[in-house]
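Novice: My questions all concern the structure below.
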Amino acid sequence: MRSNLLRIISCVLLVSSLSWANAKEPDTHEFRLNNGLKLIVREDHRAPTVAHMVWYRAGSMDETNGRTGVAHVLEHMMFKGTQKVKAGEFSRLVAAIGGRENAFTSRDYTAYFQQVEKSKLEEVIKLEADRMSNLNFDDAEFQKEIQVVMEERRLRTEDNPSSLLNEALMATAFMASPYRHPVIGWMNDLQNMTAADARDWYRSWYKPNNATVVIAGDVDAKKVLAIVDKYYGAIVPQDLPVRKPQLEPAQKGPKQVQVKAPADGAQFAMAWKVPRLMPGKLDDPEPYALELLTAVLDGYDNARLNRLLVKQEKVVNDVGVSYDMISRGPALFLIGANMTKGKTVAQAQNSIRKALEELKQKGVLDAELKRIKVRILSEQIYKRDSIFGQAMEIGGTEMAGFSWKDIDYMLEKMQTITPEQVQAVAKKYLVDESLTIAVLDPQPRKAVIGEGKQ
């Protein structure tokens, strides 16, 4: 696993280094339309293509009990037509001009994108602005699509032991935060969802004053602004629903959950409550230190956990560490592993605790941390970035409550973190009081009809 910010770092530094090398001012421009829509344009003239993305700051964390999954369901329904574009025509029209398109929903947001040759940009802007304000689907289309979503849940979650484990982990770790609900929703909520639920979600959140348009590629920012204002600018804003904080109460002790599911082997995850970076508090060193801690443990092939658990003790087949420094909701520092046959979860957890205790007591070598920082930098500098990747990191950063302008500062701050600060966050936060453990107890798989000896 790789943390979100490390992926962001791998997207941003190349762009920054190219700008520095050419001694040019950053070629990113921000505008605000009269209706509240934010537009961010990144000019990148290396190839005659452009990525157009619309980000709505409405994800599964904004849902209410009984309607979980509606954000993702509405994402599906956005392809079901408007007064001008029939159901299914949106994707066909984008394909007809040689473009690609899709959408995705997370806990924090829902986003839609198209990537096209630069001369086709206005066509996809027109299409996307149309469905921002004129979505029009009937109940029959909804009934067909909700079946698709339920089947998606069956395949990706209920028939996937790793997904079941993660779902149980999140539901156990969090009590009040809506992060405890799966993005795809609980099956019972999907079974009882109506077309009216999806329409209400659309009418509540899909407004220009809750949207950020990100356009990256071979474009001129002023010309793009004129086109965006032409199509998006006429859409009327409205007051958004009041967002309740739903803050997670402090955890009072360790939690554990066991999941029984058909699987080839045991798995487990250990998740600690940790802080995230807060907008307006970019100098807080702890989130950056936690990001670097993920790399110390799992940032390269010979990182500490992989070296100890996989190579030396051979107790797990693989181990991964993840942490998202920037998000709208609470953060977890997560270590997960798939067991080696014949080894126990207890053995693996003891090995992880041993590695963590060694780090807490002996710290991180300065040379070790420097290598990690150089690796982060070099991965970006020597890995050619994509236009789509640039739009992704801008949008994701904005949705978490930060500005794209903060990214360079975050990168600079990361470079100032000391080994002592990494050691300190391990001591402070990787403790049992804030720990949740989820264990997958593998069950025999059902025999497929027709299997067996001939």
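The values are calculated or read from the model by the stated rules, or taken from the named source; none is laboratory data. All figures in this text were calculated on a predicted structure; none of them were measured in a lab. Here the Cβ positions follow ideal geometry from the backbone for every residue, glycine too, while neighbour counts run over all protein chains shown.
Novice: Which ones in segment 322-343 are out of contact with any Lys or Arg (no Cβ under 9 Å at 6 or more places or on another chain), of a type outside the set (Lys, Arg) and either modelled with pLDDT under 95 or more than 23 Å from residue 250 (Cβ to Cβ) (or both)?
Specialist: Hits for segment 322-343 are 336, 337, 338, 339, 342.
Novice: Same structure, new question: Within the set of pairs 6+ apart or on separate chains, which have a first residue in segment 31-53 that is outside any strand (DSSP E or B), a second that is surrounded by fewer than 17 Cβ atoms within 10 Å (Cβ to Cβ) and among the basic types (Lys, Arg), and C-beta atoms under 6 Å apart?
Specialist: Cβ pairs passing all conditions: 48/118.
Novice: In addition: Regarding residue 179, is this residue in contact with a Lys or Arg (Cβ under 7 Å, 6 or more places away or on another chain) and either farther than 30 Å from residue 390 by Cβ or not in a loop (DSSP other than H, G, I, E, B) (or both)?
Specialist: Answer is yes for this residue.
Novice: Does segment 88-102 hold any residues that are modelled with pLDDT of 95 or more and either closer than 16 Å to residue 131 by Cβ or charged (D, E, K, R) (or both), and which are they?
Specialist: Result: 89, 90, 91, 92, 93, 94, 99, 100, 101, 102.
Novice: Same structure again: Looking at this structure, is residue 246 on the phi < 0 side of the Ramachandran plot and either under 27 Å from the mean Cα position of the chain (by Cα) or not in a helix (DSSP H, G or I) (or both)?
Specialist: The answer is no for residue 246.
Novice: Take the residues of segment 153-200 that are closer than 18 Å to residue 269 by Cβ and small (Gly, Ala, Ser): which is surrounded by the most Cβ atoms within 10 Å (Cβ to Cβ)?
Specialist: Out of the qualifying residues, it is 173.
Novice: Okay, moving on. Return yes or no: is residue 40 within 21 Å of the chain's Cα centre (by Cα), assigned by TED's automatic domain parsing to the domain that holds residue 186 and modelled with pLDDT under 50?
Specialist: no
Novice: Search segment 172-222 for residues being under 24 Å from residue 442 (Cα atoms) and free of Cβ contacts under 8 Å to residues at least 60 places away in the same chain, and hand back the single one that is nearest to the chain's Cα centre (by Cα).
Specialist: In this case the residue turns out to be 180.
Novice: Which of the residues that make up segment 66-93 are free of Cβ contacts under 8 Å to residues at least 40 places away in the same chain and either closer than 22 Å to residue 210 by Cβ or crowded, with 20+ Cβ neighbours inside 10 Å (or both)?
Specialist: Matches in segment 66-93: 75, 79.
Novice: Out of the residues in segment 94-118 meeting the condition of being among the polar types (S, T, N, Q) and either over 19 Å from residue 81 (Cβ atoms) or in contact with a His (Cβ under 7 Å, 6 or more places away or on another chain) (or both), tell me which one is surrounded by the fewest Cβ atoms within 10 Å (Cβ to Cβ).
Specialist: Out of the qualifying residues, it is 106.
Novice: Here are the criteria: (1) modelled with pLDDT under 95; (2) assigned to a helix (DSSP H, G or I); (3) not aliphatic (A, V, I, L, M). Tell me which single one residue 383 does not satisfy.
Specialist: Of the numbered conditions (1) modelled with pLDDT under 95; (2) assigned to a helix (DSSP H, G or I); (3) not aliphatic (A, V, I, L, M), the odd one out for residue 383 is (2).
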